[in-house]
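Read the structure below first, then the notes.
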Amino acid sequence: MEDVFKEFRKLSNVLDMSKHEQFIQGILNAIHNKSLVQGDKLPSVNEFMKETNYARETIAKGYKELVRRGVVESKNRVGFFVSNKNVQQELRVALVLFAFDTFQETFYKTFRNRLGENIQIDVFFHHNNIMVFENVIASIRGKYGMYVVAPIPNEKTADILMTLPMDKFLMIDRYEKLDVDFNYVTQEFKKASYLAFSELADTIRKFKKMFYYHRPASDTPIEILKAFNKFVRDFAIPHEICAEYIPGSLKKGGVYFTINNTELWAMLKDCKLQNLVIGKDVGILSHNDDIVKEIICDGITTYSTDFPLMAKKAADFVLNREPIREIIPTVLIRRTSL
């Protein structure tokens, strides 16, 4: 049982967890790490008291909760055993995302379906705010069997993430460097953006000017801005970089590129109000594909990573714990808007 008690020692320094929460999570972690398997007898209350210094009431209350969840079963006068049913309920996954945008909703739905009904997923949002991000990580640390996190590009991010157990951590969406080996399923922005712009260069040249809307304080990747600057320089494209799209400012002869869907809808509305033909009078390019962009205005040209594929690979890591370090490719999807 030494491996089982190790799980409790790992949690003993997590100050924001009560003894009751440590007991519950320690058992769940031991099952998830296969220190305990279906049918195994668990330590008695007295054994736990001796090894962990937990109060009898804390242990009894913890076992009662695990029995209620179906993770543990109690056999009269024999003891507690890992249940031979619903064992997957021990795995609680913390999923930390930027916000619930369309493409992140796509990720969540695929991730949820791939994991199945027995695994609990708690979703948290940091909205690209480093203080919120730090508080979220602090609030979930030590309380989950797996941590699937979309990080923030910030100098504090690495130190914050390093407080999580790396064997239970998966980075998704954006890649941020850490000074240890870790698992990730992410996308790449700079090379992928430059390649997409380059493939569209001949079409872009048919218009007078290209406008790119980049919000410095938002979650817009700085790598896209760098790729755009390199592209317009290499291909001698007349251009303008704006902080935000102002409704009513759209003009005939421009190519308009934004990764912000709210701005995209405003652009499309202005095209309709001005009777401009999308793809002929103006060009529209968007980032992160979804089904709406496939349908609206006979199709919006996008370049996007495959979020369902990212979600499937993330879910498979959670289920199988096989190491993964993968960049999901980005694909240009040409439609009538450009």
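Residue-by-condition table, conditions (1) buried (at least 19 other Cβ atoms within 10 Å of the Cβ); (2) in a loop (DSSP other than H, G, I, E, B):
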residue	(1), (2)
K252	no, yes
F257	yes, no
M267	yes, no
K272	no, no
K280	no, yes
I284	yes, no
E294	no, no
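Restricting the stretch 139-161 to residues that are of a type in the set (G, A, S) and touching a helix residue (DSSP H, G or I) at 6+ places or on another chain (Cβ under 7 Å), the residue that is farthest from P216 (Cα to Cα) is G145. Listed conditions (1) touching a helix residue (DSSP H, G or I) at 6+ places or on another chain (Cβ under 7 Å); (2) in the same structural domain as M146 (by TED's automatic domain parsing); (3) part of a loop (DSSP other than H, G, I, E, B) are all met by K312, apart from (3). May I ask you to list the residues in the stretch 162-174 that are exposed (fewer than 14 other Cβ atoms within 10 Å of the Cβ) and touching a helix residue (DSSP H, G or I) at 6+ places or on another chain (Cβ under 7 Å)? Correct list: T163 only.
In the stretch 29-50, the count of residues that are within 26 Å of V93 (Cβ to Cβ), at pLDDT below 80 and over 30 Å from the mean Cα position of the chain (by Cα) is zero. Of all the residues in the stretch 203-223, those that are at pLDDT 95 or above and either aliphatic (A, V, I, L, M) or part of a loop (DSSP other than H, G, I, E, B) (or both) number 6. Quick check on my filter: what residues within the stretch 175-196 are buried (at least 20 other Cβ atoms within 10 Å of the Cβ) and not in a helix (DSSP H, G or I)? Selection gives N183, Y184, V185, T186, Q187, F189.
Exactly one residue out of Y184, Y194 is in contact with a strand residue (DSSP E or B) (Cβ under 8 Å, 6 or more places away or on another chain), of a type outside the set (A, V, I, L, M) and in contact (Cβ under 8 Å) with a residue 12 or more places away in the chain: that is Y184.
Looking across E322, E326, one residue alone is among the acidic types (D, E) and part of a loop (DSSP other than H, G, I, E, B). It is E322.
The values are calculated or read from the model by the stated rules, or taken from the named source; none is laboratory data. Remember, it's a predicted structure, so these values are computed and weren't measured experimentally. We place every Cβ from the backbone using ideal geometry, glycine too, and count neighbours over all the protein chains shown.
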